[in-house]
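Notes to accompany the following structure.
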Amino acid sequence: MGLALAVFNPVLAAPSSVVLNCAVVYLPQRSTWVREVRIDWDAKAIRRLRIDGVEPYGFSLVPHGVVTAVDNERIQIELSARQWQSDFRGLATGRGRCTTAPD
C-alpha cells in the first residue's frame, strides 16, 4: 500500500519530520534542560521517535500526542499544545514548552 501511495501521490507518501526543542523545568531540583525531540513519519504513521538522540524501545500515540520512556523517565509530549510532562518514578517531575527547531 505504501508503494502505491508513492507512485500515485509522491507528496502524500513522502516522509516528513519535525524537531522540537523543549525547555523542561525539573522539580524539586529547579533545573532547566533543553530536550530535543525528533519525530519522523510518513503518510501512515509515526515511524521513528528520538529524544536527545536516543530512540526509545517503544512509544504509544495518545489523542493529542505521544507517550514514551527513556532512562526511567516517563514522558508525555502533547503535540497540539506543544507541552512536555515527565516523571522520574515519583522522585522528580518535569514540565515545559516545546518550540519547533529551525531547519
Would you tally the residues in the range 36-55 being surrounded by fewer than 16 Cβ atoms within 10 Å (Cβ to Cβ), at pLDDT 95 or above and at negative phi?
3
With the requirement that a residue be modelled with pLDDT of 95 or more and among the aliphatic types (A, V, I, L, M), what does the range 67-80 give you?
Val67, Ala69, Val70, Ile75, Ile77
Every residue in the range 37-71 that is closer than 18 Å to Tyr26 by Cα and touching a Phe, Trp or Tyr at 6+ places or on another chain (Cβ under 6 Å), please.
Thr68
Starting from the range 66-79, keep only residues that are without any contact (Cβ under 8 Å) to a residue 24 or more places away in the chain and closer than 13 Å to Arg95 by Cβ, then list their pairs with residues that are open to solvent by 60 Å² or more (accessible area, probe 1.4 Å) and of a type outside the set (S, T, N, Q) whose Cβ atoms are within a distance under 6 Å, requiring at least 6 positions of separation or different chains.
Glu73/Phe88; Glu78/His64
In the set Gln29, Gln83, which member is modelled with pLDDT of 95 or more and not aliphatic (A, V, I, L, M)?
Gln83
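The values are calculated or read from the model by the stated rules, or taken from the named source; none is laboratory data. Computed from a predicted structure; not experimentally measured. Every residue, glycine as well, gets a Cβ built from its backbone with ideal geometry; the counts of neighbours run over all protein chains shown. These area figures cover heavy atoms from the full protein model, side chains too; ligands, DNA and RNA do not enter into them. Shrake-Rupley method; radii C 1.70, N 1.55, O 1.52, S 1.80 Å.
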